[in-house]
Amino acid sequence: MTSTRTPVRRRGTLGALIALTGTATARPGGGRLAAARPRLRAALCLAPALLILVAGYQRRWMSDDGHIYVRTVRQILAGHGPVFNAGERAESSTGTLWQWLLVVAGLPGADVASAAVYGGLLLTSAGFALAAWGAVRLYDGGAGGSGDGARGGRALLPLGVLVPLALPPVWDFATSGLETGLATCWLGGAWLLLVARPRSLATAFVIGLGPLVRPDLALVSAVFLGAQWLSARPSRRAALAGAGAAGALPVAYEIFRIGYYGHLVPLPGVTKEASQSLWGRGLGYLDDFAGPYLLWVPALFVVAAVLPSGRARLSGAARTSVPLAPALAPVLAGVLCWAYVIKVGGDFMHARMFLPGLFLMVLPVFLVPATRAWALAAAGVCVWAVVCAAVLRIGYEGRIGPGGIADERGVYVRQNAAAHPVHHSFGGYRENAAYAREVRAAGRGHEAALFLSRTRVAAATPSVTGFYATLGLNGTVVPLDGAALDPIGLAYPLAAHSQRIDHARVGHDKWLPDEWVVADRGTADLPSGLDPARVAAARRALSCGPLAELRAATRAPLTPGRFLRNAAGALERTAFRFPNDPVRAERELCGTRAP
């Protein structure tokens with residue numbers, strides 16, 4: 001007994017903590033600690049999943065963009081195909097896989113909005129559990145380790161997992177109806193497979209799903225596939241088989257996309273100009289996320305523990321065999337994801353687009369060995385996490401803040417006057433509520449009406465057409481046989497291909513004037529306030545050159561010939577833009593001389 005107590009006294013309290021968690025194994029009672037270690041590790045994997053489940057449930061809500069998914073799913077279930085509006089092939093869903101998972105959820109007749117909220121929450125929770133188990137396998141030596149936590153495994157402490165658990169935006173987007181929960185689950189699962197089964201074709205298949213989770217997650221797929229190759233060192237034949245497994249579903253869907261929709265990317269990628277660079281705006285988006293939560297604090301603790309000067313070696317590599325490629329791949333992938341988000345100018349939802357990259361960057365230190373240096377880092381991050389979760393907040397809670405970035409959940413809580421807005425009523429926002437009442441009444445009466453933002457006119461089609469910026473709301477109140485259009489272009493190809501406007505809110509920098517919608521969907525009877533000459537110019541421009549081809553690609557009957565023409569012109573069509581001023585557009589597209 002004396003020999004076992006002396007080292008504890010010499011090390012002090014921290015050394016005693018490390019010894020009790022099982023880092024020292026050559027001592028009496030070590031067998032009991034080793035036997036208990038699998039249960040401790042199971043608890044370390046399940047506890048974060050349960051915590052995020054509770055936090056996400058307490059802040060459950062549905063975003064307006066989540067309702068965009070819901071309308072597309074309703075169209076599919078109604079037999080109209082994967083479209084937002086019947087008769088127009090526009091891909092409004094950025095997360096393809098999420099859209100089809102919601103279709104499966106809706107097949108038995110379940111409420112799609114509720115399935116999106118609670119399904120996203122369960123997937124987020126699963127992602128945390130998978131990520132934690134990936135850390136366990138990493139520090140047991142990856143595919144070569146025992147993986148049972150009982151033989152040769154080291155005691156682990158929570159570290160990186162504390163960072164997302166402490167952040168209010170992570171709680172918010174655990175639900176929201178968007179694909180964020182699926183992305184979290186895919187990231188955690190893909191990393192676990194990369195660590196534990198690098199030679200498996202199933203691993204390559206799962207890693208390859210990134211572009212279908214979100215197009216920008218193709219960056220993660222590329223990095224993870226490279227890490228898988230470095231870990232497995234396959235033969236040429238095995239490498240080709242892995243590439244085939246990874247690319248089979250994404251390539252097949254891309255062929256469908258270019259032929260069916262006539263575009264290389266989902267329509268939101270066109271309207272948000274995903275290929276352009278807005279570095280200054282993107283850095284502002286980063287500051288809006290990292291600044292309020294003092295994210296540099298946990299970063300410093302982790303760096304101090306990783307660097308040799310921090311008296312620790314990453315993962316205790318002197319004692320355990322840690323696969324290097326799986327350990328570094330998520331960090332590289334996360335940095336690339338953040339760089340891309342900054343490049344394109346960020347987003348209008350606070351923190352949302354940085355969450356996948358943050359989750360990736362903390363994966364290798366999600367759980368860490370219970371060494372003295374890591375324990376010090378974990379203690380420091382724990383203090384920050386408590387302060388962050390309890391105190392640190394953005395300065396515009398419930399509103400749209402500087403630069404047009406919004407506390408999106410808070411905005412919809414206020415607008416719906418509800419703590420958990422899943423089905424939006426907009427009881428606290430009269431303009432949206434009034435629009436919803438009018439459109440629903442017209443739909444019940446089967447009226448041919450075109451609703452502009454504040455004007456109702458006769459429509460050219462025998463159904464309701466709504467032109468409104470709040471697209472999720474619009475898609476909810478407009479009947480499935482009507483047309484829910486938006487001036488931003490998330491589901492309206494005509495608006496998506498208009499040129500960007502200056503000094504607009506991020507993610508909302510397309511804005512199609514009413515004249516185009518009247519020319520496209522209205523009758524000859526013009527509402528007051530619109531210039532007949534501009535409407536006439538828009539009507540003519542719609543029949544000329546690339547605009548006429550865009551309309552044919554998205555509205556003409558989908559014959560085999562149309563599919564091939566769509567595919568052949570997808571690149572040129574995706575890059576096409578036209579002035580949103582009808583007179584300029586007519587002049588450029590139709591060759592009309594200026595008066």
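If you roll a 1.4 angstrom probe over the protein chains with everything in place, what fraction of the accessible area of the chain belongs to carbon and sulfur, to the nearest %?
63 percent
Label points 7 Å out from Cα along the Cβ direction at Leu300 and Trp279: separation in nm?
Those two pseudo-labels are separated by 2.7 nm.
What does region 46-138 give for Rg and for Dmax, in Å, if only its C-alpha atoms count?
Cα radius of gyration and Dmax of region 46-138 are 15.6, 51 Å respectively.
For the chain, place one equal point scatterer on every Cα, skip the solvent, and apply the Debye formula. What is log10 of I(q)/I(0) at q = 0.10, 0.13 Å⁻¹?
The Debye formula, applied to the Cα set alone, gives -0.89, -1.35.
Let me spell out the model: positive unit charges on the Cβ of Lys and Arg, negative unit charges on the Cβ of Asp and Glu, origin at the Cα centre of the chain. What dipole size does that give, in debye rounded to 20?
On the way: 58 positive and 35 negative charges, 529 e Å.
My answer is approximately 2540 debye.
Rg/Rh for region 130-285: what does it come to with C-alpha atoms and Rh from Kirkwood?
1.02
In Å², what does the accessible area per residue of the chain work out to with a 1.4 Å probe?
Value for the chain: 41 Å² per residue.
For Ala406, enumerate residues with amide H under 5 Å from its amide H, sequence gap 5+ or separate chain, H modeled in the peptide plane.
Close amide H contacts, sequence-distant or interchain: Met349, His350, Gly401.
Any chance you could run the full-extension gain for Ser453 through Ser528? It's 0.36 nm times the residue separation minus the Cα-Cα distance, nm to one decimal.
Working: separation 75, 0.36 × 75 = 27.00 nm, distance 1.32 nm.
Computed gain between Ser453 and Ser528 is 25.7 nm.
Would you give the gap between the C-alpha center of region 200-279 and the C-alpha center of region 388-457, rounded to a whole Å?
That distance is 35 Å.
Can you tell me the order of 538-550, 199-211 when each peptide is scored by its average per-residue count of other Cβ atoms within 10 angstrom, highest first? Walk me through the numbers on the way to the answer.
Working: 538-550: 18.8, 199-211: 20.8.
In descending order of packing, they fall as 199-211, 538-550.
Hey, can you grab everything whose amide H is under 5 Å from the amide H of Phe578? Only 5+ residues off in sequence or another chain; H modelled, so Pro and N-termini drop out.
Counting only residues 5 or more places away or on other chains, the set is Ser498, Gln499.
If r is the Cβ-Cβ distance from Asp287 to Ala390 and R0 is 25 Å, what FRET efficiency results, to the nearest 0.05?
Between Asp287 and Ala390 the formula returns 0.65.
Between region 318-371 and region 533-595, what is the separation of their alpha carbon centroids in Å?
42 Å
Grab the Cα-Cα distance for Leu51 and His420, subtract it from 0.36 nm times how many residues apart they are, and report the gain in nm with one decimal.
131.0 nm
Stretched out fully, how many nm does the piece from Ala460 to Ala248 gain, at 0.36 nm a residue minus the Cα gap?
Result: 72.0 nm gained on full extension.
For the full complex of protein chains and a 1.4 angstrom probe, list Arg430, Arg372 by accessible area with the highest value first. Don't skip to the answer; put the middle values down first.
Working: Arg430 205, Arg372 105 Å².
Result of the area sort, largest leading: Arg430, Arg372.
The values are calculated or read from the model by the stated rules, or taken from the named source; none is laboratory data. Keep in mind it's a predicted model, so treat the numbers as computed, not measured. Note that each Cβ is placed from the backbone with ideal geometry, even for glycine, and that neighbours are counted across all protein chains shown. Note: accessible area is taken over every heavy atom of the protein model, side chains too, but ligands, DNA and RNA are not part of it. Shrake-Rupley method; radii C 1.70, N 1.55, O 1.52, S 1.80 Å.
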